[in-house]
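Taking it in order: structure first as structure tokens, then the write-up.
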Amino acid sequence: MKLKISTTFDFGKLAGESKKLMADLVEKTISTESDAMKKRLETGMTIKGKMDGLSAAAVITRILRGQKSTSPPLNASGRLLNSIKPRKTGISGMEYGTYHNKDVVTKNNPVIPGKGKKAKGGLKKRRFMFSGKTIPARKWMHDDSTFKYDKKIIDSFFKSFKKALKKALKK
């Protein structure tokens, strides 16, 4: 008895198309998440809801630095927000942003504003006794355990994959 196997489509064509489809999936996912990260920073949201408000010390610190005390947490100067950029391999931004995704214990007692700068808001330079204090996390970035693909992007991927599969059918 001889067994004969035949295929109804060309695996080579499907492989070539699937590489393009995967690259497109990654690009769309990176772009969408980059926009979502910016929106979370602009509106003071975490991945699970609203960020806790600024502490009294944070408000005074912002005033001393001449920054808006009313802007959302992590968005005093806008530098972090403006640093978020989609790249081919992922999302880039200031390393400072990653520190806020987990609890941090401070190590210093800074004088604000820093050396050579004048205090704003009619206040005088001030030393803050922050050393040893725990700053709670403001989880505004996803990690492997919290990230979920956008349903619209996944549906579009599968639709494109089915289309590529039909094109790869042998005639």
Task: Which listed residue is surrounded by 12 or more Cβ atoms within 10 Å (Cβ to Cβ), touching a residue at least 24 places away in the same chain (Cβ under 8 Å), among the aliphatic types (A, V, I, L, M) and closer than 23 Å to LEU80 by Cα, from ALA137, ALA164 - done: ALA137
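Quick one: count up the residues across region 122-168 that are outside any loop (DSSP other than H, G, I, E, B), of a type in the set (A, V, I, L, M) and in contact with a Lys or Arg (Cβ under 9 Å, 6 or more places away or on another chain).
Let us first name the residues in region 122-168 that are outside any loop (DSSP other than H, G, I, E, B), namely 126-127, 134-135, 151-167.
Checking which are of a type in the set (A, V, I, L, M) leaves us with 135, 153-154, 164-165.
Keeping just the survivors that are in contact with a Lys or Arg (Cβ under 9 Å, 6 or more places away or on another chain) gives 153, 164.
Of the residues in that region, 2 qualify.
Specify which of the listed residues (GLY44, GLY93) is in contact with a Ser or Thr (Cβ under 6 Å, 6 or more places away or on another chain) and crowded, with 17+ Cβ neighbours inside 10 Å. If you could, list the steps in order and put the result at the bottom.
On the way: GLY44 fails: in contact with a Ser or Thr (Cβ under 6 Å, 6 or more places away or on another chain).
So the residue among GLY44, GLY93 that is in contact with a Ser or Thr (Cβ under 6 Å, 6 or more places away or on another chain) and crowded, with 17+ Cβ neighbours inside 10 Å is GLY93.
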Task: Test: LYS102 is modelled with pLDDT of 90 or more, out of contact with any helix residue (DSSP H, G or I) (no Cβ under 8 Å at 6 or more places or on another chain) and exposed (fewer than 12 other Cβ atoms within 10 Å of the Cβ) - done: no
Open item on the list: Can you find a residue that is out of contact with any helix residue (DSSP H, G or I) (no Cβ under 9 Å at 6 or more places or on another chain), surrounded by 17 or more Cβ atoms within 10 Å (Cβ to Cβ), more than 23 Å from ASP143 (Cα to Cα) and at pLDDT 90 or above anywhere in region 73-89?
Closed with: no
Open item on the list: Checking the conditions here, which among ASP24, ASP35, ASP52 is under 27 Å from the mean Cα position of the chain (by Cα), of a type in the set (Asp, Glu), surrounded by fewer than 17 Cβ atoms within 10 Å (Cβ to Cβ) and part of a loop (DSSP other than H, G, I, E, B)?
Closed with: ASP52
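The values are calculated or read from the model by the stated rules, or taken from the named source; none is laboratory data. Source: prediction; values computed, not measured. All Cβ positions, glycine included, derive from the backbone under ideal geometry; neighbour counts span all protein chains shown.
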